[in-house]
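Before we start, here is the structure in question, set down as structure tokens.
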Amino acid sequence: MATALTTTLESRPTARQGLEAEDFDNVVRQHQRQVYRVLFLLTHSAETADTLTQETFLRAYQSRASFRGECALNTWLLRIAANLVGFGSADHALGVQFALLLVASAAALWLLRGRFAAALAVSLGVASFLPTPTYVQYFCVVVPYLVLLAVEFAARWPRAALVGLAAYAAAGAVAFAHDVQTSPVLKPSIRSVEQVSDAVQSRTQPGETVLAGWPGYLFGTHAQAVSGYTNQFAPVAAAKVSPREARRVHVLSEPALEALVRRRVPRLVVERNWVTSPPFADWDAALRQGRYRLVATVETARIYVR
């Protein structure tokens, strides 16, 4: 693996800054085994771990100018690897809020030993990591128990609870002010969803494939979603793994979706962004290049046909 990888790396010239290109062979030799082991533990697949290890070092080589030594080299490499499997930065800083809640609950678990809610919350939290990495949203099942534990903790130690609540609120404020994208997520009404579904139903044939910014628009219709885009967060997931891994798990990237539109593959397209983290669904340019025409607008959703 090292020979093929370093040959690929050497074929990509770049400016001499940060990590030097001629030093990167040593970087690969010294750290690839550790990166592979961590990725294998996260993915439980030797083939996937091997692919992601190569992708990790390729991305590290491409961004080597950004490494300034603020952290250890292996820490920097493992951060890149973690991002590839979704264990890196959360979709936005609300992950900090969950982390604070989890830390506070761990402390409360020690102070309130024997409480059922605490034991159940911790058990569910551990289970959420199995068998593959998950995103922050999947921990919603744990939050009610953590909140119950926090309430019990507040009843016994109100001053300490107030400090924790202030930190929790501050994390939410920072997330909302700097990281959470609200402008592309205008809240739709249930009626608008029904109207879009009715429009799709009336303009398609049974079994026809439709590209919808939210595949939920197709629920209850005789149309079907584009393969690899049955969930609007598929491009977000595809952006966090290697192209090979995205193909293996059947998730389409945002560029792949735009290519479908430019090639005029789907006859009908429902455009509306439903995700809160990049890459956002923005198909305007592709729709123009594909010569689609707008036939209906329902609140914030637009329906195009070719």
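The values are calculated or read from the model by the stated rules, or taken from the named source; none is laboratory data. No experiment lies behind these values; they were computed from the predicted model shown. Every residue, glycine as well, gets a Cβ built from its backbone with ideal geometry; the counts of neighbours run over all protein chains shown.
Within the range 68-88, is even one residue outside the structural domain of Ala237 (by TED's automatic domain parsing), in contact with a Gly (Cβ under 8 Å, 6 or more places away or on another chain) and not in a helix (DSSP H, G or I)?
Yes, some residue in the range 68-88 is outside the structural domain of Ala237 (by TED's automatic domain parsing), in contact with a Gly (Cβ under 8 Å, 6 or more places away or on another chain) and not in a helix (DSSP H, G or I).
A follow-up question, please. Scan the range 186-200 residue by residue and report those that are closer than 12 Å to Ile303 by Cα and of a type outside the set (Val, Ile, Thr).
Answer for the range 186-200, where residues must be closer than 12 Å to Ile303 by Cα and of a type outside the set (Val, Ile, Thr): Gln195, Ser197, Asp198, Ala199.
Next up: For the range 237-263, give me the residue count where each residue is surrounded by 15 or more Cβ atoms within 10 Å (Cβ to Cβ) and in contact (Cβ under 8 Å) with a residue 24 or more places away in the chain.
15
Could I ask something else about it? Take Pro255 and tell me if it is within 20 Å of the chain's Cα centre (by Cα) and under 15 Å from Leu211 (Cα atoms).
Against the criterion (within 20 Å of the chain's Cα centre (by Cα) and under 15 Å from Leu211 (Cα atoms)), Pro255 qualifies.
Also, quick follow-up: Which residue, of Leu211, Leu294, is farther than 23 Å from Leu42 by Cβ and surrounded by 19 or more Cβ atoms within 10 Å (Cβ to Cβ)?
Checking each option against the conditions leaves just Leu211.
Ok, one more. Please indicate, with yes or no, whether at least one residue in the range 148-161 is outside any loop (DSSP other than H, G, I, E, B), modelled with pLDDT of 80 or more and closer than 21 Å to Val261 by Cα.
no
Okay, next question. Among the residues of the range 33-77, what is the count of those that are polar (S, T, N, Q) and either in contact with a Pro (Cβ under 7 Å, 6 or more places away or on another chain) or under 17 Å from Val241 (Cα atoms) (or both)?
Here the count works out to 9.
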